[in-house]
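Accompanying notes for the structure given below.
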Amino acid sequence: PALHPIHCPTVAMAPGATSARCVRHALLLSLGSVALVDGFAMASVHRPALARSSVSVGMNAARTFSIDISRVVEPAKKMVKLAKGEAHTERVSCSEFGGEDNEECMVLCDTEGCSIVGQTSTLKTLKIGIYFAMWFGLSTGYNIANKVRLNALALPWCHSAASLAVGSLFVSTLWATGARKAPKLSKDAILTLLPIAFCHSIGHIGAVVSAGAGAVSFTQIVKASEPVFTCGLSALLLGVRVSPMVAASLVPIVFGVALASVSELSFTWLSFAGAMLSNLAFAARNIFSRVSMDKPKGENMTPENLFGVLTVMSFCFALPLALAIEGPRAAAMWAAATTKVAPAHIYRYTVSTGLYFYLYNEVAMLALNNVHPVTHAVANTIKRVVILLACVIIFRTPMTPVCMLGSAIAIIGSYFYSMAKSLDKVKKTAAVESDTESESEGDTESKASATTS
């Protein structure tokens, strides 16, 4: 983006938030560089060891260079056409371009033909790596920017509503411009999503309140105990039995959070209560989502559009709550805050925080859709550690050795919880498949017996 600002636009006011076109452009530059180096290498291989004729050598070198440089120029031209909507991507066998028969390649095609971009497996690995890098970067940026604006203006309820407003405006722009196909919601679909959106709103508000009343690192530690609430509500409301392995993984989470809380130097009950409220709300959101799996949710409800709809609906809940709780003192606090920092500073961090929050959640869903749940669980654990360390370093948050130990135990416990849940899913899937096979074999035997009779 720094080298090609015209062809690689980024989202305004959101450092690190990269558009899809920018990702495609960066991918083109990477692949183009590899192809260019490979082209020069091939040219050097074809160059004869001894020059028999200066004319023939020059002609051969020029011909070889022109053939190899086309491997860079042609995909670049088609990539530009792809951005304009004049080309499309296809998956074909690499054997059509001189590769192996068992390999699949991604090609760019237009009216003039197709050009190979690379192997599908390589491109998928690169895409997942970009997703994880953006997920970690955006989530860390959100937590830092959120704390900066809370330090400038201590109105967490209003800030929560503002973040959801920025996210709502961002996704609405995508729908209005046709960059993303807009969802269609029926009355039944809206009623289904209302409780999920309410819990999402309260969960976000609770986390912001916690970060405003204490250290961001402490909020992250307490947030690691969300699985405890999820298991408790699942057992209480849905009657879901918790396996011994999952139950055992909850013990280090509870112990680690308790140990970190009693030794936290910046501990406040408001910060602890806000994080716990967020855990409870997000656990309830998961329960409502599970209950509503078979209920109507509208048309074009991709995971990205579902999160966009929930963001818009959550803002509708957060705004009246913010006005009711912080509205009467908002003007006075704004006047006091703007005597210390410029209003532009607060505006800038409000917009960037809202974009960070929306984008990191959407990228997290894209990452989840492209990797195994176990891989996602490991990445989520690493992400929490990255956020905690970044906030401790940037805000110079003091942590006692006991608090560090408790934080490590809680985070490791959340990792084991994710692994145990994934193992449970694998066992349930295997059991269902086994039952299906048994029923199929039983039907086959019955038919064979009936035919014999």
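The values are calculated or read from the model by the stated rules, or taken from the named source; none is laboratory data. What you see is a predicted model; the values in this text were computed from it and never measured. Positions of Cβ are generated from backbone atoms using ideal geometry, with glycine treated the same way; all protein chains shown enter the neighbour counts. The protein model used for the area step is the full one, side chains on, heavy atoms only, and it has no ligands, DNA or RNA in it. Shrake-Rupley method; radii C 1.70, N 1.55, O 1.52, S 1.80 Å.
Some notes on this structure:
- Residues satisfying the stated conditions in segment 328-351, i.e. part of a helix (DSSP H, G or I) and in contact (Cβ under 8 Å) with a residue 40 or more places away in the chain: A330, M333, W334, A337, H345, I346, R348, Y349, T350, V351
- When R384, R329, R396, R348 are checked against the criterion of being on the phi > 0 side of the Ramachandran plot and of a type outside the set (A, V, I, L, M), R396 stands alone in meeting it.
So that you can scan it fast, the table gives a plain yes or no per residue for (1) of a type outside the set (V, I, T); (2) under 30 Å from L265 (Cβ atoms); (3) at pLDDT 70 or above:
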| residue | (1), (2), (3) |
| --- | --- |
| C403 | yes, yes, yes |
| I409 | no, yes, yes |
| A420 | yes, no, yes |
| A430 | yes, no, yes |
| E433 | yes, no, no |
| E441 | yes, no, no |
| S446 | yes, no, no |
| A450 | yes, no, no |
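- Of all residues in segment 151-182, those being under 30 Å from T339 (Cβ atoms), open to solvent by 50 Å² or more (accessible area, probe 1.4 Å) and not in a helix (DSSP H, G or I) number 1.
- Long-range neighbours under 6 Å by Cβ, at least six apart or interchain, first residue touching a residue at least 12 places away in the same chain (Cβ under 8 Å) and closer than 12 Å to C403 by Cα within segment 247-263, second β-branched (V, I, T) and open to solvent by less than 40 Å² (accessible area, probe 1.4 Å): V257/V222; A260/I221; S263/T400
- Restricting segment 382-401 to residues that are closer than 14 Å to S266 by Cβ and touching a residue at least 12 places away in the same chain (Cβ under 8 Å), the residue that is surrounded by the most Cβ atoms within 10 Å (Cβ to Cβ): L388
- Any hit, segment 352-359, residues being small (G, A, S), part of a loop (DSSP other than H, G, I, E, B) and touching a Pro at 6+ places or on another chain (Cβ under 9 Å): no
- Unique match (being surrounded by fewer than 17 Cβ atoms within 10 Å (Cβ to Cβ), under 24 Å from the mean Cα position of the chain (by Cα) and over 21 Å from A179 (Cα atoms)) among V262, V291, V341: V291
- The listed residues are L306, L310, L368, L359, and the only one of them that is open to solvent by 60 Å² or more (accessible area, probe 1.4 Å), within 18 Å of the chain's Cα centre (by Cα) and of a type in the set (A, V, I, L, M) turns out to be L368.
- Restricting attention to segment 183-193 and to residues that are surrounded by 16 or more Cβ atoms within 10 Å (Cβ to Cβ) and not hydroxyl-bearing (S, T, Y), the residue that is farthest from V351 (Cα to Cα) turns out to be A189.
- Considering segment 141-157, the residues that are over 21 Å from the mean Cα position of the chain (by Cα) and aliphatic (A, V, I, L, M) include one that is nearest to A322 (Cα to Cα), namely L155.
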